[in-house]
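The values are calculated or read from the model by the stated rules, or taken from the named source; none is laboratory data. Bear in mind the structure is a predicted one, so any value in this text is a computation, not a measurement. Heads up, the Cβs are rebuilt from the backbone with ideal geometry, glycines too, and the neighbour counts pull from every protein chain shown.
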Amino acid sequence: MKYLDEFQDPELARRLLDEIHATVTRPWALMEVCGGQTHSIIRHGIDQLLPDQLELIHGPGCPVCVTPLEVIDKALEIASRPGVVFCSFGDMLRVPGTGRDLFRVRSEGGDVRVVYSPLDALRIAQQNPEKEVVFFGIGFETTAPPNAMTVYQARRLGIRNFSLLVSHVRVPPAIEAIMQSPSCRVQAFLAAGHVCSVMGVEEYPELAERYRVPIVVTGFEPLDILEGVRRTVRQLERGEHTVENAYPRAVRPEGNPAARAMLADVFEVTDRAWRGIGVIPGSGWRLSARYREFDAEHRFSVTGINTVEPADCRSGEVLQGLLKPNECEAFGTTCTPRNPLGATMVSSEGACAAYYLYRRLDVAPARLEASPVA
Ligand code: SF4
C-alpha cells in the first residue's frame, strides 16, 4: 500500500476485525500508549467494533497532558518577565496553570509567540539579540530530537540569548511504572510507532520479558491499530509475550541513529514528574552539563511556585487508564475544550478531548444539554 487512505480501507478492516473476533476467547485489557492512537480509535469507533471481551485502556502518551503543573507555572512566570520572548507550540497556550494560562499572560502584555518549529524560536533569538528567547521544549522521544538539534545549533552559532525550558519524557519507564502500579489491569501494550521510529525497539524486549506482556509497535491509521490489536490478542491467546513490529513502514529496529546521537549528545536521562502520575525514575531528559547554559531553569531563577491542581479534575486517573473521560463528573459540563479544567481536555492528543470531539453526544446527553457549546 502506498497511500494513507489505503490504511482506512473498510474491506481490509473488516477482514482484520473478523480475525480478531475469531481469535479472542476470553477478556483481555490492552493499553494503547499514545494519545494519537487514542484519537484514531475513538474517531473511527474501533473500540466499538472489537469483541466485548477486549478492552482498550487509554495510556499516558500525550505530551501536553503529562507536563507537570509546576513546569507550566514556571513557563507562566518566565513568560511574564519583561525582555523575554516566550515561544511555544500552540497547544500549550490553553493548558491551565495555577490560575491562568499562556494566553492570559499574552493578554496581560507578555511576549508569548506560537511557533511551528524550535528553529523558528532560534531565528527570533538571532533577530532580537537584546531579548531573551525561551522555547518550551515538552514531549516524548518524538519532539526531543529537533529540540536537541536546536540547542546544538544555538551553541554552534554562538546564540547566547536562546534557552530551552525542558520537560521531555521517555515512554519505556512509563510502561514500567504502569506495570508496577498495584491497580494495573494492563495485559499488553500497543507501543507508539512514532516514538519507535526514533528510538527503535531495543528498550522493549526486557520489559516484555520482565512483566510477561506482549508489546506490539503500532501505527496510527485504522488498519495499523487493528493489525496491532490482532497481533497482540494472538500473543495473549497463545500465552506469548514478545515484541513485534506492526509498523515496519516507519520503524526500523535501530530507530533513527542520527536522532539518537543528537539526543545522547545534548540530553541526559533524569527523573521526571508526570502530571497526574508523579515522579517516574529515569523517565525524562534534561540538558547535559555541556549545554546547561541553555537551560531556562538555570538561566531564570524561578522560586516560590505554589501549584494548585483543580479539585474536580481527574486527569491523573485518566492518564493511568483507571478512568474513562466520560466517567469524570466535570466532562462536558464544567470542563470543555473552551473552558478546560485539565490538560487532557486541551491537547489534540488528550483522551478527554477525543471523547469530547467524537463521543460527547453518545456518552452523557443529559449532562451536556445543560452545558455551554464548546
Ligand atoms: S473531563 Fe476535564 S476535569 Fe475531567 S478528567 Fe478530563 S480534563 Fe479533567
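Summary of computed values
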{"read-out": "Condition broken by GLU209, with the remaining ones in (1) touching a His at 6+ places or on another chain (Cβ under 9 Å); (2) without any contact (Cβ under 8 Å) to a residue 40 or more places away in the chain; (3) not in a helix (DSSP H, G or I) satisfied", "value": "(3)"}
{"read-out": "Matching entry among GLY332, GLY350, GLY342 (being touching a Lys or Arg at 6+ places or on another chain (Cβ under 9 Å), within 8 Å of the ligand (Cβ to nearest atom) and within 19 Å of VAL66 (Cβ to Cβ))", "value": "GLY342"}
{"read-out": "Region 170-182 residues that are free of Cβ contacts under 8 Å to residues at least 60 places away in the same chain, paired with ones that are acidic (Asp, Glu) and in a helix (DSSP H, G or I) (beta carbon under 9 Å, 6 or more apart)", "value": "PRO172/GLU206"}
{"read-out": "Where a residue in region 58-74 is closer than 23 Å to GLU176 by Cα and its partner, wherever it lies, is of a type in the set (Lys, Arg) and surrounded by fewer than 22 Cβ atoms within 10 Å (Cβ to Cβ), with Cβ under 8 Å and at least six apart", "value": "HIS58/LYS324"}
{"read-out": "Odd one out for THR232, checked against (1) among the hydroxyl-bearing types (Ser, Thr, Tyr); (2) outside the structural domain of VAL33 (by TED's automatic domain parsing); (3) crowded, with 23+ Cβ neighbours inside 10 Å", "value": "(2)"}
{"read-out": "Test: residue in region 34-56 that is under 17 Å from the mean Cα position of the chain (by Cα), among the aliphatic types (A, V, I, L, M), within 22 Å of PRO146 (Cβ to Cβ) and not assigned by TED's automatic domain parsing to the domain that holds THR143", "value": "no"}
{"read-out": "Some residue of region 335-347 being touching a Phe, Trp or Tyr at 6+ places or on another chain (Cβ under 7 Å), outside any loop (DSSP other than H, G, I, E, B) and assigned by TED's automatic domain parsing to the domain that holds GLU268", "value": "no"}
{"read-out": "Test: residue in region 128-142 that is under 27 Å from VAL198 (Cβ atoms), among the polar types (S, T, N, Q), touching a residue at least 12 places away in the same chain (Cβ under 8 Å) and touching a helix residue (DSSP H, G or I) at 6+ places or on another chain (Cβ under 6 Å)", "value": "yes"}
{"read-out": "Restricting region 1-25 to residues that are in contact (Cβ under 8 Å) with a residue 40 or more places away in the chain and part of a loop (DSSP other than H, G, I, E, B), the residue that is surrounded by the most Cβ atoms within 10 Å (Cβ to Cβ)", "value": "VAL24"}
{"read-out": "Residue satisfying condition, being buried (at least 18 other Cβ atoms within 10 Å of the Cβ), on the phi > 0 side of the Ramachandran plot and modelled with pLDDT under 95, within set GLY304, GLY276, GLY255", "value": "GLY276"}
{"read-out": "Residue list for region 286-323, filter: within 18 Å of ILE138 (Cα to Cα), part of a loop (DSSP other than H, G, I, E, B) and within 14 Å of the ligand (Cβ to nearest atom)", "value": "none"}
{"read-out": "Residue within region 335-343 that is buried (at least 24 other Cβ atoms within 10 Å of the Cβ) and under 13 Å from GLY35 (Cβ atoms) present", "value": "yes"}
{"read-out": "Lone qualifier among GLY219, GLY284 - being outside the structural domain of THR150 (by TED's automatic domain parsing) and at negative phi", "value": "GLY219"}
{"read-out": "Lone unmet requirement of (1) crowded, with 18+ Cβ neighbours inside 10 Å; (2) in a helix (DSSP H, G or I); (3) among the hydrophobic types (A, V, I, L, M, F, W, C); (4) outside the structural domain of VAL279 (by TED's automatic domain parsing) for ILE78", "value": "(4)"}
{"read-out": "Test: HIS58 is out of contact with any Cys (no Cβ under 9 Å at 6 or more places or on another chain), assigned to a helix (DSSP H, G or I) and closer than 22 Å to CYS196 by Cβ", "value": "no"}
{"read-out": "Given (1) over 16 Å from GLY90 (Cβ atoms); (2) surrounded by fewer than 16 Cβ atoms within 10 Å (Cβ to Cβ); (3) among the aromatic types (Phe, Trp, Tyr), index of the condition TYR116 fails", "value": "(1)"}
